[in-house]
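The next block holds one structure in the form of structure tokens; read it before the comments.
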Amino acid sequence: MAGRVNERTANWRLFGGGGLILGGVLWLIVALAGVGGALGTWMTIIAYLALAVAGFMLAFGQTGSNGVVGGSVLGKLGFVAFGVGFLLLALAPLLGFAGVTLPSVLATVAIVLIALGAIVGAIVAYQKGVARGIARWIFFVPAVLAVVWLFVTLGWVAIGGNILVILLSLALAVAGVAYLLNRK
């Protein structure tokens, strides 16, 4: 049947899930190990870029038509916003190597995009039912943590230490595993 997702067309699982795993694990290593200097910066940039690619792959899949949100334009916009948010986060330290400083409000805008995109993407992914089992609802965990991250960034909630980054990066990696192992 035309337009149906099958094993050959559901590459959002491999590329979206794999990107979430790679980005989540790298970000987790930086947060847990306290990797600093140029190595920590590059690992963070790569983590953010992997998460950005994962957002685009979850929206569109490899073929550009169906991701975890099926044909939903709203779901695609959500995961694209998620991806653009992480792309913006990667841009600041990347340009920092060239001596360019971006306004600090850019990070806030990026986190708004990530949080809103994650919530919209999670809702639409659940409603569409393209993913099955735990993979159908798992993105709600990083989505809620992204909203908490936004609240912390805006100063509405105070959470000390690195715990939020650790939880969010871990939740993204676990969601990636759920997507990677998802079967239609």
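At 1.4 Å probe size, with the rest of the protein present, what percent of the exposed accessible area of the chain is carbon and sulfur atoms? Could the numbers behind the result be given before it?
Details: 6260 of 8710 Å².
Carbon and sulfur atoms account for 72 percent of the accessible area of the chain.
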Quiz prompt | Candidates per chymotrypsin sites (Phe, Trp or Tyr not before Pro) in the range 79-184, loop by DSSP, up to 13 other Cβ within 10 Å | solution = PHE97, TRP156
Quiz item: Hey, what's the chain come to in accessible area per residue, 1.4 Å probe, Å²?
Solution: 47 Å²
Self-check item: Loop-located trypsin sites (Lys or Arg not before Pro) in the range 71-154 whose Cβ has at most 11 other Cβ within 10 Å (DSSP)
Solution: ARG132
Quiz item: In the chain, which helices (entire DSSP H runs) extend 24 Å or more along their own long axis, judged by Cα positions, while averaging at least -1.0 on the Kyte-Doolittle scale?
Solution: 37-60, 73-96, 105-128, 163-180
Self-check item: Net length gained if the chain between ALA33 and LEU74 were fully extended (0.36 nm per residue, minus Cα distance)
Solution: 11.0 nm
Self-check item: Rg(Cα) / (2.2 N^0.38 Å) computed for the chain, rounded to two decimals
Solution: 0.99
Quiz item: How would you classify the range 129-182 from its alpha-carbon gyration tensor, with a ≥ b ≥ c the square roots of the eigenvalues: rounded for a/c under 1.5, else prolate if a/b is greater than b/c, otherwise oblate?
Solution: prolate
Quiz item: Build a GNM of the chain with springs between Cα atoms under 10 Å: which of SER104, SER72, SER169 gets the top mean-square fluctuation?
Solution: SER104
Exercise. May I have the pair-distance distribution P(r) for the range 15-121, computed from all Cα-Cα distances with 5 Å bins from 0 and rounded to whole percent?
Key: 3, 15, 20, 23, 19, 12, 6, 3, 0
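The values are calculated or read from the model by the stated rules, or taken from the named source; none is laboratory data. No experiment lies behind these values; they were computed from the predicted model shown. Counting neighbours? That spans all protein chains shown, and the Cβs are built from the backbone with ideal geometry, glycine included. For accessibility, only protein heavy atoms count, side chains too; no ligands or nucleic acids. Shrake-Rupley method; radii C 1.70, N 1.55, O 1.52, S 1.80 Å.
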